[in-house]
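J.: Could you have a look at this structure, given as C-alpha coordinates, before my questions?
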Amino acid sequence: MAQAKLTHLSLDHLAATPEIFRALLTGVHERQTEWKPGEGRWSIAEVLEHLSHIEGHCFRARLDHMLTEDAPVFADYDQNVYYRTGTYSGRDAEESFAHWEEQREDNLAALTELDPIVLSRKGVHADRGEFTLEQLLNAWAFHDLSHVRQLAGLVGMQLYHLAMGVLVDPL
(Lines give C-alpha, C1' and ligand atoms only; values in the text may rest on other atoms or scores of the structure.)
Protein backbone atom coordinates (compact mmCIF):
# COMPACT_ATOMS: atom_id res chain seq x y z
CA MET A 1 0.00 0.00 0.00
CA ALA A 2 1.34 3.44 -0.95
CA GLN A 3 2.07 5.94 1.78
CA ALA A 4 -0.40 8.83 1.98
CA LYS A 5 1.13 12.19 1.12
CA LEU A 6 0.67 15.22 3.27
CA THR A 7 -1.91 17.77 2.20
CA HIS A 8 -2.68 20.76 4.40
CA LEU A 9 -4.02 24.26 3.76
CA SER A 10 -0.78 25.73 5.11
CA LEU A 11 1.15 24.00 2.32
CA ASP A 12 -1.00 25.76 -0.27
CA HIS A 13 -0.16 29.11 1.27
CA LEU A 14 3.52 28.23 1.61
CA ALA A 15 3.57 27.27 -2.08
CA ALA A 16 1.81 30.48 -3.15
CA THR A 17 3.96 32.93 -1.21
CA PRO A 18 6.96 33.08 -3.59
CA GLU A 19 4.77 34.22 -6.50
CA ILE A 20 2.97 36.71 -4.27
CA PHE A 21 6.29 38.20 -3.19
CA ARG A 22 7.57 38.21 -6.77
CA ALA A 23 4.46 40.13 -7.90
CA LEU A 24 4.77 42.61 -5.04
CA LEU A 25 8.42 43.28 -5.85
CA THR A 26 7.76 44.05 -9.51
CA GLY A 27 9.21 47.45 -10.36
CA VAL A 28 11.16 47.84 -7.11
CA HIS A 29 14.75 48.96 -7.70
CA GLU A 30 17.74 47.93 -5.60
CA ARG A 31 18.06 51.29 -3.85
CA GLN A 32 14.39 51.13 -2.90
CA THR A 33 14.94 47.78 -1.17
CA GLU A 34 17.27 49.51 1.29
CA TRP A 35 14.84 52.23 2.41
CA LYS A 36 13.45 52.02 5.93
CA PRO A 37 10.21 53.70 6.96
CA GLY A 38 11.64 54.71 10.33
CA GLU A 39 14.07 54.00 13.13
CA GLY A 40 14.08 50.32 14.03
CA ARG A 41 11.80 49.43 11.09
CA TRP A 42 12.87 46.95 8.43
CA SER A 43 13.72 47.55 4.79
CA ILE A 44 12.55 45.28 1.98
CA ALA A 45 16.06 43.81 1.78
CA GLU A 46 16.05 43.06 5.51
CA VAL A 47 12.64 41.40 5.32
CA LEU A 48 13.84 39.18 2.47
CA GLU A 49 17.01 38.21 4.36
CA HIS A 50 14.92 37.49 7.46
CA LEU A 51 12.71 35.20 5.38
CA SER A 52 15.76 33.38 4.02
CA HIS A 53 17.29 33.03 7.48
CA ILE A 54 14.18 31.87 9.35
CA GLU A 55 13.24 29.41 6.59
CA GLY A 56 16.31 27.30 7.30
CA HIS A 57 17.37 28.24 10.81
CA CYS A 58 13.95 28.00 12.40
CA PHE A 59 11.19 26.34 10.39
CA ARG A 60 13.19 23.67 8.54
CA ALA A 61 15.45 23.02 11.50
CA ARG A 62 12.45 22.50 13.77
CA LEU A 63 10.76 20.28 11.20
CA ASP A 64 13.83 18.08 10.85
CA HIS A 65 14.28 17.70 14.61
CA MET A 66 10.59 16.97 15.15
CA LEU A 67 10.71 14.22 12.53
CA THR A 68 13.78 12.53 14.00
CA GLU A 69 13.54 13.16 17.75
CA ASP A 70 10.87 12.72 20.40
CA ALA A 71 9.69 16.10 21.71
CA PRO A 72 12.86 18.10 20.96
CA VAL A 73 13.23 21.37 22.84
CA PHE A 74 13.71 24.58 20.84
CA ALA A 75 15.04 27.92 21.97
CA ASP A 76 13.12 30.98 20.90
CA TYR A 77 13.95 32.35 17.45
CA ASP A 78 14.30 36.02 18.40
CA GLN A 79 14.17 37.99 15.17
CA ASN A 80 14.79 41.22 17.06
CA VAL A 81 18.16 39.95 18.28
CA TYR A 82 19.10 38.94 14.75
CA TYR A 83 17.97 42.36 13.50
CA ARG A 84 19.92 44.27 16.16
CA THR A 85 23.09 42.25 15.54
CA GLY A 86 22.94 42.93 11.80
CA THR A 87 22.15 39.41 10.60
CA TYR A 88 19.59 40.79 8.13
CA SER A 89 21.55 43.92 7.13
CA GLY A 90 23.81 44.59 4.18
CA ARG A 91 22.41 41.78 2.03
CA ASP A 92 21.41 41.97 -1.60
CA ALA A 93 17.63 41.71 -1.75
CA GLU A 94 17.53 39.62 -4.91
CA GLU A 95 20.12 37.16 -3.58
CA SER A 96 18.22 36.80 -0.31
CA PHE A 97 14.98 36.26 -2.20
CA ALA A 98 16.57 33.68 -4.53
CA HIS A 99 18.04 31.78 -1.58
CA TRP A 100 14.68 31.83 0.21
CA GLU A 101 12.92 30.55 -2.95
CA GLU A 102 15.37 27.66 -3.25
CA GLN A 103 14.87 26.71 0.38
CA ARG A 104 11.10 26.99 0.04
CA GLU A 105 11.07 24.71 -2.99
CA ASP A 106 13.14 22.11 -1.13
CA ASN A 107 11.00 22.43 1.98
CA LEU A 108 7.74 21.99 0.09
CA ALA A 109 9.11 18.93 -1.67
CA ALA A 110 10.05 17.42 1.68
CA LEU A 111 6.77 18.39 3.36
CA THR A 112 4.51 16.97 0.67
CA GLU A 113 6.31 13.61 0.88
CA LEU A 114 5.48 13.23 4.56
CA ASP A 115 2.83 10.88 5.88
CA PRO A 116 -0.04 12.86 7.47
CA ILE A 117 0.50 10.91 10.70
CA VAL A 118 3.52 13.15 11.43
CA LEU A 119 1.25 16.15 12.01
CA SER A 120 0.80 14.97 15.59
CA ARG A 121 4.55 14.78 16.34
CA LYS A 122 5.54 17.08 19.17
CA GLY A 123 8.17 19.66 19.89
CA VAL A 124 8.68 21.87 22.91
CA HIS A 125 9.26 25.61 22.74
CA ALA A 126 11.52 26.49 25.67
CA ASP A 127 9.38 29.50 26.65
CA ARG A 128 5.90 28.59 25.43
CA GLY A 129 5.58 24.83 25.85
CA GLU A 130 4.50 21.91 23.70
CA PHE A 131 3.35 22.20 20.08
CA THR A 132 2.63 19.81 17.22
CA LEU A 133 4.10 19.67 13.76
CA GLU A 134 0.71 20.78 12.46
CA GLN A 135 0.93 23.87 14.64
CA LEU A 136 4.42 24.51 13.28
CA LEU A 137 2.99 24.42 9.74
CA ASN A 138 0.27 26.85 10.76
CA ALA A 139 2.85 29.20 12.29
CA TRP A 140 4.97 28.93 9.13
CA ALA A 141 2.04 29.95 6.91
CA PHE A 142 0.97 32.72 9.30
CA HIS A 143 4.54 34.03 9.26
CA ASP A 144 4.49 34.17 5.46
CA LEU A 145 1.17 35.99 5.38
CA SER A 146 2.33 38.57 7.92
CA HIS A 147 5.29 39.37 5.66
CA VAL A 148 3.01 39.63 2.60
CA ARG A 149 1.29 42.49 4.42
CA GLN A 150 4.62 44.02 5.49
CA LEU A 151 6.13 43.86 1.99
CA ALA A 152 2.95 45.25 0.43
CA GLY A 153 3.19 48.27 2.71
CA LEU A 154 6.88 48.85 2.02
CA VAL A 155 6.42 48.51 -1.74
CA GLY A 156 3.38 50.79 -1.67
CA MET A 157 5.37 53.47 0.11
CA GLN A 158 8.29 53.18 -2.30
CA LEU A 159 6.39 53.02 -5.58
CA TYR A 160 3.16 54.90 -5.06
CA HIS A 161 2.73 56.95 -1.91
CA LEU A 162 4.68 60.04 -2.90
CA ALA A 163 3.58 59.69 -6.53
CA MET A 164 -0.07 60.21 -5.56
CA GLY A 165 0.28 63.98 -5.46
CA VAL A 166 -2.64 65.75 -3.74
CA LEU A 167 -4.38 62.40 -3.25
CA VAL A 168 -1.97 61.43 -0.47
CA ASP A 169 -3.73 61.02 2.85
CA PRO A 170 -1.68 61.91 5.89
CA LEU A 171 -0.33 58.74 7.48
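The values are calculated or read from the model by the stated rules, or taken from the named source; none is laboratory data. Every value quoted in this text rests on a predicted model; they were computed, and no experiment measured them. Counting neighbours? That spans all protein chains shown, and the Cβs are built from the backbone with ideal geometry, glycine included.
J.: Condition first: under 21 Å from D70 (Cβ atoms), of a type in the set (G, A, S) and more than 20 Å from the chain's Cα centre (by Cα). Can you find one or more residues in the stretch 136-151 that meet it?
T.: No - not one qualifying residue is present in the stretch 136-151.
J.: Another question, then. Could you check the stretch 119-171 and list, in sequence order, the residues that are closer than 20 Å to F74 by Cα, in a helix (DSSP H, G or I) and aliphatic (A, V, I, L, M)?
T.: Initially, the stretch 119-171 is screened for residues closer than 20 Å to F74 by Cα, giving 119-143.
Retained after the next criterion (residues that are in a helix (DSSP H, G or I)): 119-120, 133-143.
Across the stretch 119-171, the qualifying residues are L119, L133, L136, L137, A139, A141.
J.: Suppose we keep only residues that are among the aliphatic types (A, V, I, L, M) and surrounded by 18 or more Cβ atoms within 10 Å (Cβ to Cβ) within the stretch 135-171. Which one would you say is nearest to L48 (Cα to Cα)? So that I can check it myself, show each step before the final result.
T.: To start, the set of residues in the stretch 135-171 that are among the aliphatic types (A, V, I, L, M) comprises 136-137, 139, 141, 145, 148, 151-152, 154-155, 157, 159, 162-164, 166-168, 171.
Filter once more, so that each one left must be surrounded by 18 or more Cβ atoms within 10 Å (Cβ to Cβ): 136-137, 141, 151, 154-155.
Values: L136: 21, L137: 20, A141: 16, L151: 9, L154: 12, V155: 13 Å.
Looking at the filtered set, the residue picked out is L151.
J.: Name the pairs whose Cβ atoms lie under 6 Å apart, with the first residue in the stretch 47-73 and within 30 Å of P37 (Cα to Cα), the second modelled with pLDDT of 95 or more and not in a helix (DSSP H, G or I), and 6 or more positions between them or separate chains?
T.: E49/Y88; E49/R91; H50/Y88; C58/Y77
J.: Being under 21 Å from A16 (Cα atoms) and among the acidic types (D, E) is the filter; apply it to the stretch 86-117 and report the residue that is surrounded by the most Cβ atoms within 10 Å (Cβ to Cβ).
T.: Here is the first cut: in the stretch 86-117, the ones under 21 Å from A16 (Cα atoms) are 93-114, 116.
Pick out the ones that are also among the acidic types (D, E) and you get 94-95, 101-102, 105-106, 113.
Values: E94: 14, E95: 13, E101: 18, E102: 13, E105: 12, D106: 13, E113: 10.
Per the stated criteria, the residue is E101.
J.: Now for a separate question. Could you check, for the stretch 96-108, whether at least one of its residues is among the acidic types (D, E) and not in a helix (DSSP H, G or I)?
T.: Within the stretch 96-108, none of the residues are among the acidic types (D, E) and not in a helix (DSSP H, G or I).
J.: Give just the number: which of (1) among the aliphatic types (A, V, I, L, M); (2) under 14 Å from the mean Cα position of the chain (by Cα); (3) closer than 23 Å to E34 by Cβ does V81 not satisfy?
T.: (2)
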